[in-house]
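S.K.: Once you've had a glance at the structure underneath, I'll fire off some questions.
Derivation of every value follows stated rules applied to the coordinates shown; laboratory data play no part. Fair warning: this is a prediction, and the values are worked out from it, not measured in the lab. As a convention, Cβ positions derive from the backbone with ideal geometry for all residues, glycine included, and neighbour counts pool all protein chains shown.
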Amino acid sequence: MSVLIAIDQGTTSTRTVAFDKDLNIIHSEQKEYPLIYPNDGWVEIEPGELMDSVYATIDPILDICPDISAVGITNQRETTLVWDADSGQPIYNAIVWQDRRTAKHCMKLKQDGYEEVIRSKTGLLLDPYFSSTKISWVLDNIDGARDKAEKGKLRFGTVDTYLMWQLSNGDVYKTDVTNASRTNLYNIHIKNWDPELLKIFNIPASMLPEVQLSDSNFGTLVRGDKTLQITGVIGDQQSALVGQRCFQPGEMKATFGTGCFLMVNTGDESLQSTSGLLNTVGYGLSGQVSYALEGSIFSAGTIVQWLRDNMKFFPDSAESIKLLSKTGDSNGVLFIPGFTGIGAPHWNAEIRAAFYGITRDSTQTDIVTAAFKALIYQVLDIKEALKMDGIEIKHLSIDGGMAANTSFCQLLADFLAQEVQAPSSLESTAIGAAITAGLGSSFFTIDDLQNEKLNKATIYKPREKIFDPEDLTEWRKFLRVLLDAYN
């Protein structure tokens, strides 16, 4: 049986999944690895741990599936690696997308008047979230790094680029348009690295990989005695957009993974948001680039992990459902999930997580429910921001690990006052990578997928008299107090 392989390299784990021609999962492997927190707001990954998780998941798949048509890679975006061009060895840990160490650098660039030119060219804001200032930090803080970079001896890559370099023994140095569009260095209108942006961030052009469409022939992966073609590379949130078959303008998905990312397809129109959302490349498929608007929430699954690992409220994430009030009542307890700042539409790198309203009567259920509600309230803020940009959410498909929590999905529908659809397979990101690779290898065409409906989806219909607008008002007041304190 001929199969497609998807390598789904996420923030805290790697999955490798084998799909048949109908995109049914044949086999899946997953391996978690730890994040490193050296300082307040810093988040890193040891590159060796990252690659070990890839090898540990891809090797069993290669043993089980001898007939592999193509490989697709999808990855955590913005996470930044810099390595030696000759040895391939990283000169520093991977700096994760959540990392906020460059907040002061971003503020200085804003004060110097660079924000508008960056936004107009990249569709992004000037924020530590993106790769540009992470690269600058490495060059300015690692001994000898800037000198080596100026001499053309260093390479930068988001995780997709680093994986392809390592898996090809240094033969492939490329990225795709979706990952490039998340660096703050790529002009999404002319579709190229932008010299003015490179000058602003003081980054040599020699450090940057070649950019291709998502379903291009990227080269070959070498593992043991097997050589496989890589015909799909796409950032994880864009991959979920493809996996949810959001091929038409106005179609939207929300992925609840480590963070939460809402993305709506805007077609061939690059829409500049006026309400704090990101204008980005949705995908580059079949010779065409489609754009998207995105709202980014930095903490979603990490909230559940914190409740599990730090607070010890439950031994397994799935058991969080037992402590989540089915009506969303948190007994006056409010939570702001600013572990590493807060994203769209507020964009504040300095804010930190906080509870309010805890009394002697507060319980674990109150705290857990407040944490889940905080995520839903952030989704409501993004929904309002989209409305300000002229976009109404008419259809919302969700995926990611948190979509398995039926109580959370129901509350999401209740609070948004609209239907929420969860597909039978929550692996939309991996499916998107498989679709992208399948298109790149002519395994199928986009027409084969255009009208395909998600089968066996669970539909959550909103219940009446569950959502309490006064509670949302109080939550926004609490958030405003924190935002004002760090502005």
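S.K.: Once you have the Kirkwood Rh of the stretch 3-234 from its Cα pairs, apply Stokes-Einstein at 25 °C and 0.890 mPa s and quote D in µm²/s.
M.R.: Numbers: Rh = 18.1 Å.
Roughly 136 µm²/s, to the nearest whole number.
S.K.: Average projected area of the Cα convex hull of the stretch 199-311, in nm²?
M.R.: Mean projected area of the Cα convex hull: 11.4 nm².
S.K.: Rule-of-thumb check for the chain: C-alpha Rg over 2.2 N^0.38 Å?
M.R.: Relative to the 2.2 N^0.38 Å estimate, the chain comes out at 0.93.
S.K.: Which of Lys104/Lys151; Lys312/Lys383; Lys322/Lys465 have a Cα-Cα distance over 25 Å? It would help to have the intermediate numbers written out before the result.
M.R.: Details: Lys104/Lys151 28 Å; Lys312/Lys383 32 Å; Lys322/Lys465 22 Å.
Check vs 25 Å cut-off fails for Lys104/Lys151; Lys312/Lys383.
S.K.: What FRET efficiency would be calculated for the residue pair Gln305, Asn169, taking the C-beta separation as r and a Förster radius of 25 Å, to the nearest 0.05? Present the calculation step by step, with values, prior to reporting the outcome.
M.R.: Values: r = 35 Å, r/R0 = 1.39.
The value I calculate is 0.10.
S.K.: Expressed as a rounded percentage, what relative contact order does the chain have, with Cα pairs under 8 Å and six or more residues apart?
M.R.: Relative contact order comes out at 15 percent.
S.K.: Still on this structure, I have one more. Mind checking the full-extension length gain between Glu392 and Ala205? Use 0.36 nm per residue of separation minus the Cα-Cα distance, one decimal, nm.
M.R.: Answer, rounded to one decimal: 63.3 nm.
S.K.: Still on this structure, I have one more. Which value, in debye to the nearest 20, gives the size of the charge dipole of the stretch 3-234 about its Cα centre, when Lys and Arg are +1 and Asp and Glu are -1 at the Cβ?
M.R.: Once rounded to the nearest 20, the dipole reads 720 debye.
S.K.: Using the alpha-carbon centroid of each, what span in Å lies between the stretch 366-398 and the stretch 132-177?
M.R.: 36 Å
S.K.: Find how much the distance from Asp143 to Ile64 grows on full extension, using 0.36 nm per residue of separation minus their present alpha carbon separation; answer in nm with one decimal.
M.R.: So the chain would gain 24.0 nm between Asp143 and Ile64.
S.K.: Between Ala457 and Lys21, what is the FRET efficiency for a Förster distance of 22 Å, r being their Cβ-Cβ separation, to the nearest 0.05? Please list the in-between numbers first.
M.R.: Details: r = 21 Å, r/R0 = 0.96.
Computed FRET efficiency for Ala457 and Lys21: 0.55.
S.K.: Here's another thing I want to ask about it. Report the normalised scattering of the stretch 228-270 as log10 I(q)/I(0) at q = 0.19, 0.32 Å⁻¹, calculated by the Debye formula with identical scatterers on the alpha carbons.
M.R.: Here the Debye-derived log intensity ratios amount to -0.61, -1.15.
S.K.: Given charges of +1 on the Cβ of Lys and Arg and -1 on the Cβ of Asp and Glu, with all other atoms neutral, how large is the dipole of the chain about its Cα centre, in debye to the nearest 20? Intermediate results must be reported in sequence, preceding the final value.
M.R.: Details: 43 positive and 62 negative charges, 137 e Å.
It comes to approximately 660 debye.
S.K.: Which of Leu380, Leu124 comes first, and how do the rest follow, when ranked by fewest Cβ neighbours within 10 Å?
M.R.: Working: Leu380 18, Leu124 23.
In increasing order of surrounding Cβ atoms, one gets Leu380, Leu124.
S.K.: Let me ask you something else. Counting helices only, and only those DSSP H runs with n ≥ 4, report the 222 nm mean residue ellipticity of the chain as the sum of -39,500 (n - 2.57) divided by its residues, in deg cm²/dmol to the nearest 500.
M.R.: Rounded to the nearest 500, it is -10000 deg cm²/dmol.
S.K.: Taking the Cα centre of the stretch 340-439 as origin, sum charge times position over the Cβ atoms of Lys and Arg (+1) and Asp and Glu (-1), and report the length of that vector in debye to the nearest 20.
M.R.: 120 debye
S.K.: Another question, if that's okay. Given Lys108/Lys134; Lys326/Lys461; Lys373/Lys477; Lys110/Lys387; Lys387/Lys461, which pairs have Cα atoms separated by over 18 Å?
M.R.: As for pairs spanning more than 18 Å Cα to Cα, those are Lys110/Lys387; Lys387/Lys461.
S.K.: Right, here's the next one. Can you find, among Ile58, Gly48, Phe19, the residue sitting farthest towards the positive end of the charge dipole of the stretch 9-82, where Lys and Arg contribute +1 and Asp and Glu -1 at Cβ?
M.R.: Final value for the positive-end residue is Phe19.
S.K.: How many nm is it between the label spots at Thr406 and Thr473, if each spot is 7 Å from the Cα in line with the beta carbon?
M.R.: It is 3.5 nm.
S.K.: How far apart, in nm, are two points set 7 Å out from the Cα along the Cα-to-Cβ line at Gln89 and at Gln111?
M.R.: Inter-label distance under the simple model: 3.8 nm.
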